[in-house]
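Heads up, the thing below is written out as structure tokens.
The values are calculated or read from the model by the stated rules, or taken from the named source; none is laboratory data. Just so you know, these numbers come straight off a predicted model, no measurement behind them. As a convention, Cβ positions derive from the backbone with ideal geometry for all residues, glycine included, and neighbour counts pool all protein chains shown. Remember, those area values only see protein heavy atoms, side chains included, never the ligands or the DNA or RNA. Shrake-Rupley method; radii C 1.70, N 1.55, O 1.52, S 1.80 Å.
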Amino acid sequence: MEGSRDTVKLAPSILAADFARLGQQVTEAEGAGADRIHVDVMDGHFVPNLSMGAVIVQSLRRVTRLPLEVHLMISDPDFFLDEFVEAGSDAFLVHWEGNNNLHRTMQRIRTLGKRVGVAINPATPAAVLEEIVPDLDQVLVMTVNPGFGHQKFIRTTLPKIGQVRALIERRELACELEVDGGIDATTAPLVVRAGATALVAGAAIFGDGQGVAAAMNRLRAALKDSEHEREPAERAAR
Ligand code: DX5
Ligand code: ZN
């Protein structure tokens, strides 16, 4: 089974938001049916960019009921977990790369009562998830190299999305398959067809001149259209 277009989740990434109007933009995303808010945390060390800390989560917690998922692109995620939990985070996405004790980090997140996700970079094979996927709520396949918004989708990640989907299906796990980077109305149908069930989108949602709601509608419409294109042959085969 692959990701169903009807249930594909949208996670707007506030990295592309206008920070002077952050609360308003997140409220708009919530009103337009966002499933959760994606918060990109960068330390200038794990990735060559700085972004935001727990204080942003704390402020957002007051303006939205949506789950706040925190993507930690930092060298020592364990060090910051408590702070982010206190601020109101609901889920953590930690990287496979550079963590010699990844399973311990996963266990700590679980102990803190939060959803656990592991992210893999474009150069990292799906196979590294083999041993840990039963203990995950989410996998995050990076479809750009982490560190910046507005980057071009890396097409060679598509077969890997399929491999991760197969890994999840083979074990009949409920694990979500989320993708992150360069997702727009053109690439969204490709990743969903490959097996993604949740999409992070920054520029395509907050960088749209017509506003957040219009941008989200466009993404959903693209997914719907691509489903119609596939009819009837592929649908019949399901
Ligand atoms: C990249 C971040 C992404 C980023 C996606 O390092 O992890 O979440 O905000 O932004 P877009 O959708 O603009 O590629
Ligand atoms: Zn991210």
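Sequence gap of 8 or more, or different chains, plus Cα separation below 23 Å: how many lysine pairs satisfy both in the chain? Lysine pairs satisfying the spacing and distance rule in the chain number 6.
In debye, nearest 20: dipole of the chain around its Cα centre with unit charges on the Cβ of K, R (+) and D, E (-)?
360 debye
When peptides 124-134, 80-90 are ranked by their average number of other Cβ atoms within 10 Å per residue, the highest-first order is 80-90, 124-134.
In whole percent, how big is the carbon plus sulfur part of the accessible area of the chain, probe 1.4 Å, protein atoms only?
Exposed carbon and sulfur together represent 51 percent of the surface.
The residues of the range 28-74 expose, per residue, 42 Å² of accessible area to a 1.4 Å probe. For the chain, the equivalent ellipsoid derived from the Cα gyration tensor has semi-axes of 26, 23, 15 Å, listed largest first. In terms of the mean number of neighbouring beta-carbon atoms within 10 Å, the peptides 39-48, 205-214, 177-186 order highest first as 177-186, 39-48, 205-214. Distance from the C-alpha centroid of the range 206-222 to that of the range 83-122: 30 Å, rounded to the whole angstrom. Among the trypsin sites (Lys or Arg not before Pro) found in the range 109-166, those both in a DSSP coil and sparsely packed, with 14 or fewer other Cβ atoms within 10 Å of their Cβ, are Lys152.
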